[in-house]
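The values are calculated or read from the model by the stated rules, or taken from the named source; none is laboratory data. What you see is a predicted model; the values in this text were computed from it and never measured. Please note: Cβ atoms are built from the backbone with ideal geometry, for glycine as well, and neighbour counts cover all protein chains shown.
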Amino acid sequence: MDNAQPNSLVKAGGLSSDPTAFLFNDQQLGLYRQHLEKGLALVEKRLTATAKPFSGKTPRALAKAFSKLDLNTPLSDVNAALTELEQLYLDDAVYFHHRHYVAHLNCPVVVPSLLAELILSALNTSVDTWDQSGGATFIEQSLVDWTAKRIGFDQDADGIFTSGGTQSNLMAMLLARDNACQQYFGHNVREHGLPPEAKRLQIFCSELSHFSIQKAAALLGLGYDAVVAVPCDRHFAMDIAALNTALEAAKAAGKLPMAVVATAGTTDFGSIDPIAKVAKVAKEVGAWCHVDAAYGCGLLVSSKQRWRLSGIELADSVTVDYHKAFFQPVSCSALLVKNKAHLSVVTWHADYLNPLSQRQEGTPNLVDKSLQTTRRFDALKLWLTLRIMGADAIGQGFEAAMLLARRTYLLLLSEPDIEVLHQPQLSAVVFRFRPAGLVGDWDRLNKAIRQAVMASGQAMIAATQVKGRQYLKFTLLNPATTISDMQGVVEMIKQQGQRLLAQFSEHHNLEEVAHG
Ligand SMILES: *Cc1c(COP(=O)(O)O)cnc(C)c1O
């Protein structure tokens, strides 16, 4: 410390900088409760005060408020800090619970999961080793086993909670890579690094699979070049004939199939690849079969529609994102594997942490099968959700979102100025504003519509490109959103569309409109 004078311990603003005054422990339960109550009051205030999912503020406008902050000097007290926070964050946050938030794969969260967040952050459990978690380790393991059973895996299965689908997919590709190098070249990558022949390995996934597969290939030393994008059929699901063609071409070129990835719920369309067929082909060519069910995992708890994941039990690994389809707060995700032996790829026995002797004694250390070391006890959120609400309630919530997507699709079909691209498989609908009989730059117009809706803050919708064309997208994950909410959102889109169209013909230049 460069300034050790005693008066430097007390700040002018009145906040004591004695850290023990703020430590969470049995002496500070009053302070803990006080902070929580203030936080709760703030959340309550925001949720009742605003009727919109977003303020519509631009990043440039908000950035100004951040430019003059002095983070070296604390504010006078918690009230001042929360007042500031309201202006810097809550006023312009994006509210996923709002019924007009229909943009990305963000779900509203259930209250039992928030209760879990409160407990797990207070105790600050880390589920890496038994001696940092105790019973928490068994809670996570029970949920891994429960999910594996829902998938249809047997006793040999295992898994681990991760930070999200990206990490789950990375880990799946890591296991697939090391397995392939062992199988094809008798080479242990963990010990010796990549062999030169690794250049021959390829990953096959649909052209609509998530970009985290490409990222994984890059991180694993294979490069984007190793990923073969297999064309989809007209339902946006992987075309099996095209997969076979791609595999044959690879073979002819001296390449080796490392993994075949089936996406159960593509991010844009919610389309589901033919899982059983993909798994069969993967098996025939000796490749690892991974199912990315980051989005479609909600079907695992749907009694009515579970069948749409049939074949998932044939996979070698499965990604599930509870923070997308199970109404859980970020982060809450897992990777499940059919054969637990493969998880040893990420095992490292550190003398100080998880010595081999502990494993031999039967002490469960989840870090033995995790990429992360210190790790949040995210499993508690799913645990309290299942114990308070039950799995069926979650499944019904996901079913409600799917039904809403179906109704929204029918609504869009009935709109003459809207062109719908597909029938929703899960709860995403892709469409565009395109009045018949007119010519124009529809790409620019739809981009401008999305921007205008977002700037109004009345609704949040998404956008995507399909074969180079600009589309709009709804991702519906809120069981409280009704079809009349969606009628309102569609009305907004049409109004903005007509308004922009009028400006367009006035100026004969849509570019001006989009940027004006
Ligand atoms: C969202 C998504 C991912 C990535 O998951 P994160 O939790 O965002 O890391 C992977 N695959 C699919 C199909 C997704 O929709």
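Brief remarks on what is shown
- Some residue of the range 160-176 being more than 27 Å from Thr263 (Cα to Cα) and not assigned by TED's automatic domain parsing to the domain that holds Ile461: no
- Within the range 387-414, the set of residues being without any contact (Cβ under 8 Å) to a residue 60 or more places away in the chain and of a type in the set (A, V, I, L, M) comprises Ala393, Leu403, Leu410, Leu413.
- Taking the range 140-231 as the region of interest, the helices (runs of 4 or more DSSP H) fully inside it that hold 3 or more residues being under 27 Å from Gly311 (Cβ atoms), away from the ligand (no atom under 16 Å from the Cβ) and in contact (Cβ under 8 Å) with a residue 60 or more places away in the chain are 165-185.
- Just so you know, in the range 270-319 the residues that are assigned to a strand (DSSP E or B) and within 14 Å of the ligand (Cβ to nearest atom) include one that is nearest to Lys255 (Cα to Cα), and it is His290.
- Every pair of residues 6+ apart whose Cβ atoms lie under 6 Å, when the first sits in the range 321-337 and is within 12 Å of the ligand (Cβ to nearest atom) while the second is in a helix (DSSP H, G or I) and basic (Lys, Arg): Gln328/Lys381; Cys332/Lys381
- Failed criterion for Val346 (all others in (1) β-branched (Val, Ile, Thr); (2) under 23 Å from Ser113 (Cβ atoms); (3) touching a strand residue (DSSP E or B) at 6+ places or on another chain (Cβ under 9 Å) hold): (2)
- Matching residues, the range 355-385, being closer than 29 Å to Arg306 by Cα and without any contact (Cβ under 8 Å) to a residue 40 or more places away in the chain: none
Residues checked against (1) among the aliphatic types (A, V, I, L, M); (2) buried (at least 16 other Cβ atoms within 10 Å of the Cβ):
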| site | (1), (2) |
| --- | --- |
| Phe327 | no, yes |
| Leu371 | yes, yes |
| Ala379 | yes, yes |
| Asp392 | no, no |
| Gly395 | no, yes |
| Thr408 | no, yes |
| Val420 | yes, yes |
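- Residues that are hydrophobic (A, V, I, L, M, F, W, C) and surrounded by fewer than 17 Cβ atoms within 10 Å (Cβ to Cβ) within the range 347-369 comprise Trp348, Ala350, Leu353, Leu356, listed in sequence order.
- Within this structure, Thr481 passes the test of being within 16 Å of Lys52 (Cβ to Cβ), of a type in the set (Val, Ile, Thr), crowded, with 22+ Cβ neighbours inside 10 Å and in the same structural domain as Glu415 (by TED's automatic domain parsing).
- Checking each residue in the range 424-437 for being part of a loop (DSSP other than H, G, I, E, B) and in contact (Cβ under 8 Å) with a residue 40 or more places away in the chain picks out Pro424, Gln425, Leu426, Ser427, Pro435.
- Meeting the requirement of 2 or more residues that are modelled with pLDDT of 95 or more and in contact with a Ser or Thr (Cβ under 9 Å, 6 or more places away or on another chain), the helices (runs of 4 or more DSSP H) wholly within the range 44-132 are 111-123.
- Output for the range 25-52, where each listed residue is among the basic types (Lys, Arg) and either closer than 29 Å to Ser456 by Cβ or surrounded by 12 or more Cβ atoms within 10 Å (Cβ to Cβ) (or both): Lys38, Lys45, Arg46, Lys52
- If you check Ala246, Ala259, Ala242 for being under 17 Å from Val318 (Cα atoms), away from the ligand (no atom under 11 Å from the Cβ) and not aromatic (Phe, Trp, Tyr), only one passes: Ala259.
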